[in-house]
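Take a look at the structure below.
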Amino acid sequence: MATILREWSYRYPWFYNAISWLAALSVGGEQRFRQLALTDIEMTSDMEVLDLCCGNGQATRYLVQHSSKVTGLDASPLAISRAQQVAPDAKYIEGWAESMPFPEQRFDVVHASVALHELQPVQLWRTLQEVHRVLKPGGVFTFVDFHPPFHPLFNVSLGLFILLFETETARQFLKTDVADLLVRVGFRQTRRLLYAGGSLQVIQTYKVEP
Ligand SMILES: C[S@@+](CC[C@H](N)C(=O)[O-])C[C@H]1O[C@@H](n2cnc3c(N)ncnc32)[C@H](O)[C@@H]1O
């Protein structure tokens with residue numbers, strides 16, 4: 001079930017931004033939230049970076065501060081046109097995460113911000129395979145997304161958030177052991193960082209050198 005609020009959040013960028021600003025307070029604010037997945041990732045300006053499911057570019061605008069070679073990919077042309085305004089220094093491509101229009105070993109970093117929970121289980125599996133394919137050996141996949149909270153207060157707030165803004169895919173995602181999927185796809189050296197009473201996770205994982 002999703003409410004009218006979800007539709008509004010996609011229709012009105014100011015509404016989406018206000019909701020994410022509010023949610024970001026749980027980790028110390030928007031700026032920190034948008035760069036959470038970059039924790040301990042060493043990026044240089046010549047690194048090829050993919051912002052997977054970039055949406056309106058709210059995380060892309062921070063990625064372009066680290067690299068001059070950022071590409072945003074999203075299935076929605078409307079989201080891409082908004083991202084072009086928000087983070088004009090990135091390149092954008094319309095496409096599906098589960099069948100990306102990129103050659104093998106194109107990127108040093110693949111980043112995804114609160115996006116994987118939007119995917120159906122089969123799409124998620126294919127997307128992880130695609131991320132592995134487009135990463136260079138030694139490259140890192142880093143993402144931030146929901147996680148089942150360990151703190152009762154965050155259990156309530158995440159439950160409410162999902163009820164108001166999300167669909168069944170988010171509930172499925174919370175039951176999914178993504179770290180296990182990543183190992184099955186071929187990723188190694190996976191680490192998980194938890195924030196906001198466990199309601200947010202950052203996973204960072206590497207494509208190993210052959
Ligand atoms: C919740 S928004 C997150 C956007 C952005 N990463 C952020 O942090 O604000 C999810 C985005 O994923 C995109 N999306 C959903 N399924 C997709 C798919 N299968 N392939 C590509 N993009 C997809 C949607 O169009 C939407 O822009």
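The values are calculated or read from the model by the stated rules, or taken from the named source; none is laboratory data. As the structure is a prediction and not an experimental result, all values here were calculated from the model. Heads up, the Cβs are rebuilt from the backbone with ideal geometry, glycines too, and the neighbour counts pull from every protein chain shown. The area values use the complete protein model at the heavy-atom level, side chains included, leaving out ligands, DNA and RNA. Shrake-Rupley method; radii C 1.70, N 1.55, O 1.52, S 1.80 Å.
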*Being under 28 Å from residue 163 (Cβ atoms), modelled with pLDDT of 95 or more and not in a loop (DSSP other than H, G, I, E, B) narrows it down to one of 37, 23, 18, so name that one.*
37
*asked:* For the condition in contact (Cβ under 8 Å) with a residue 12 or more places away in the chain and in contact with a Phe, Trp or Tyr (Cβ under 7 Å, 6 or more places away or on another chain), what is the one hit in 90, 83, 79?
replied: 83
*If residue 131 passes every condition in (1) without any contact (Cβ under 8 Å) to a residue 60 or more places away in the chain; (2) more than 10 Å from the ligand (Cβ to nearest atom); (3) open to solvent by less than 30 Å² (accessible area, probe 1.4 Å) but one, which one does it miss?*
(1)
*Residue list for segment 81-99, filter: closer than 23 Å to residue 133 by Cα and either part of a loop (DSSP other than H, G, I, E, B) or within 12 Å of the ligand (Cβ to nearest atom) (or both)*: 90, 92, 93, 94, 95, 96, 97, 98, 99
*Quick check: anything in segment 108-117 of a type in the set (A, V, I, L, M) and open to solvent by 20 Å² or more (accessible area, probe 1.4 Å)?*
yes
*Looking at 35, 84, which one is under 30 Å from residue 159 (Cα atoms) and open to solvent by 20 Å² or more (accessible area, probe 1.4 Å)?*
35
*Given the structure, is residue 111 within 16 Å of the chain's Cα centre (by Cα), in a strand (DSSP E or B) and in contact (Cβ under 8 Å) with a residue 12 or more places away in the chain?*
yes
*Qualifying positions in segment 56-78 - open to solvent by 10 Å² or more (accessible area, probe 1.4 Å), near the ligand (Cβ under 9 Å from one of its atoms) and not in a strand (DSSP E or B)*: 56, 58, 75, 76, 78
*Please verify whether segment 146-166 includes one or more residues that are within 19 Å of residue 205 (Cα to Cα), within 16 Å of the ligand (Cβ to nearest atom) and surrounded by 18 or more Cβ atoms within 10 Å (Cβ to Cβ).*
yes
*With the checklist (1) open to solvent by 10 Å² or more (accessible area, probe 1.4 Å); (2) closer than 26 Å to residue 32 by Cα in hand, flag the one item residue 198 doesn't pass.*
(1)
